[in-house]
Amino acid sequence: MAPTKVLATMLAASLALPAAAQTAAPATTSPAPAPASATTLGGLNGPLVPGLCLLSRDDLIMKSKVGEAAVARLKVLAGRAQTSIDTEKARLEASGKALSAKRATLTQQQFETEAAALQKRAQNLQTDVALRERQIELTRNRAYAQILEASDPFVSAAFGAHKCGLLFAREAALGGNFGNDLTPEVLAAFDAKGTPITVELEPVAPK
């Protein structure tokens, strides 16, 4: 590729953390929330099934005090990563514009040398974007796992108190009698006695 085309490509490239890395919505650890209403399918309802209980792990993550604090921290970490990327991107674009402005004063070899250096910086930035994306994802998944682990004692207590024989994800229920939904009880206990978790960026090695 000609030096001028290389430079144009670098300046046109949009380098940013993907949207998924900037948010704190549940990913692999927790599925997307499903409607919690018992009228999901045209008012389906029925008798309470003894021993069958429900629980929303999404709610434990997104609605508990421990989860809300962790999600807020994740947003801070993702924001810092994005700011760092945006700063370097702006520097790279400024350097590209400066090189274009002085193109007429440079020999072909000088221009190619400086353009190659800019291309290297652009490649490094792309690598950094991918690295930070993986780091945010690992951190998010680790945080969600810690939240669920911290809630386990309260889930176990509710499970025993309601004499449950089976526990299903509420998100998987299409309708019926939700009388044995343990989520509100577990959330209340978790909020009252749960211990906050520490959320820091997980280490990740470059590929």
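State which entries of 163/193; 63/163; 65/89 exceed 29 angstrom in Cα-Cα distance in the structure shown.
65/89
Over the alpha-carbon set of the stretch 58-182, work out the extent along each principal axis and list the three values in angstrom, largest first.
82, 27, 16
Normalising by the residue count of the stretch 34-193, find the relative contact order in percent from Cα pairs under 8 Å and 6+ residues apart.
57
In sequence order, what are the phi-derived ³J(HN,Hα) couplings for the stretch 193-204 according to the Karplus relation 6.51 cos²θ - 1.76 cosθ + 1.60 with θ = phi - 60°, rounded to whole Hz, with x for glycine and proline?
For the stretch 193-204, the Karplus-derived couplings read 10, x, 9, x, 9, 9, 10, 10, 4, 6, x, 9 Hz, x marking Gly and Pro.
Along the charge dipole of the stretch 34-193, Cβ charges K/R +1 and D/E -1, which of 82, 123, 158 sits furthest on the positive end?
Selected residue: 123.
Between residue 126 and residue 105, take the C-beta separation as r, use R0 = 22 Å, and let me know the FRET efficiency to the nearest 0.05.
That pair, residue 126 with residue 105, gives E of 0.15.
Cross-link candidates for residue 120: which aspartates and glutamates have Cα within less than 18 Å, leaving aside residues fewer than 8 places away along the same chain?
86, 88, 93, 112, 128
For residue 53, enumerate residues with amide H under 5 Å from its amide H, sequence gap 5+ or separate chain, H modeled in the peptide plane.
Those qualifying (amide H under 5 Å, at least 5 residues apart or on another chain) are 165, 166, 167, 168.
Obtain the nm distance between the two label points defined at residue 91 and residue 185 by a simple spin-label model: each point lies 7 Å from its Cα along the Cα-to-C-beta direction.
The answer from the label model is 5.6 nm.
Could you give the dipole magnitude of the stretch 34-193 about its Cα centre, charging the beta-carbon of Lys and Arg +1 and that of Asp and Glu -1, in debye to the nearest 20?
580
Return the sequence-ordered ³J(HN,Hα) values of the stretch 118-135 in whole Hz as given by the Karplus equation 6.51 cos²θ - 1.76 cosθ + 1.60 applied to θ = phi - 60°, using x for Gly and Pro.
Rounded to whole hertz, the list is 5, 4, 5, 4, 5, 5, 5, 5, 4, 5, 5, 4, 5, 5, 5, 4, 5, 5.
Computed from the coordinates by the stated procedures, all read-outs in this text should not be read as laboratory data. Only a predicted model underlies this, so the values are computations on that prediction, with no experimental measurement involved. In this analysis, Cβ positions are derived from the backbone assuming ideal geometry, glycine residues included, and neighbour counts consider all displayed protein chains.
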